[in-house]
Amino acid sequence: MFSINNILSKSIQDIHPQANEKQIAIIKDIQKLPDIWGDEERLIQVMMNLLINAIKFTPMEGKITIRALDDNDQVQISITDTGIGIPEDKLKTIFDRFYQVDGSSSRKYGVWDSDFPYARAL
């Protein structure tokens, strides 16, 4: 059993220095969420991966919004940003293991892995 709110707070805290470097605003719209049973470390990895990508692909002075709500029998978490986005024709493959939409984007936007404690485990 663990707190999703604590995971979200800690993840946001961990990425805040990198967001500040790019002057990215972090908007939080997070309800009080129930504690859940699950793999806490895996959820941390997923959250960090999403937040790292949001920072990596959001331009200077952009915005990242984290929303979380308790919707009856499920918790919904969304992370949106003002970054470059994913082309519609690539959406079906984004969850394929080791798939990257465009390798040139990572070269253009840099690789942040060494700056994040969970990045190497992803």
### Query
How far is the Cα center of region 55-70 from the Cα center of region 76-97, in Å?
13 Å
#### Entry: Computed E for N5/E61 - FRET, C-beta separation, R0 25 angstrom, nearest 0.05
0.35
### Accessible surface of K28 - all protein chains present, 1.4 Å probe, nearest 10 Å²
130 Å²
#### Entry: Fully extended contour minus Cα-Cα distance, from Q13 to D73, at 0.36 nm per residue
18.8 nm
### Task
For I94 paired with E41, estimate the spin-label separation in nm (one decimal), with each label point 7 Å from Cα along the Cα-to-Cβ line.
2.7 nm
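Largest first, how would F2, F95, F57 line up by accessible area (1.4 Å probe)?
Values: F2 15, F95 185, F57 45 Å².
Highest to lowest solvent-accessible surface, that is F95, F57, F2.
The values are calculated or read from the model by the stated rules, or taken from the named source; none is laboratory data. No experiment lies behind these values; they were computed from the predicted model shown. All Cβ positions, even for glycine, are placed from backbone atoms using ideal geometry, and neighbour counts span all protein chains on display. To get the accessible areas, we keep the full protein, side chains included, count just its heavy atoms, and leave off ligands, DNA and RNA. Shrake-Rupley method; radii C 1.70, N 1.55, O 1.52, S 1.80 Å.
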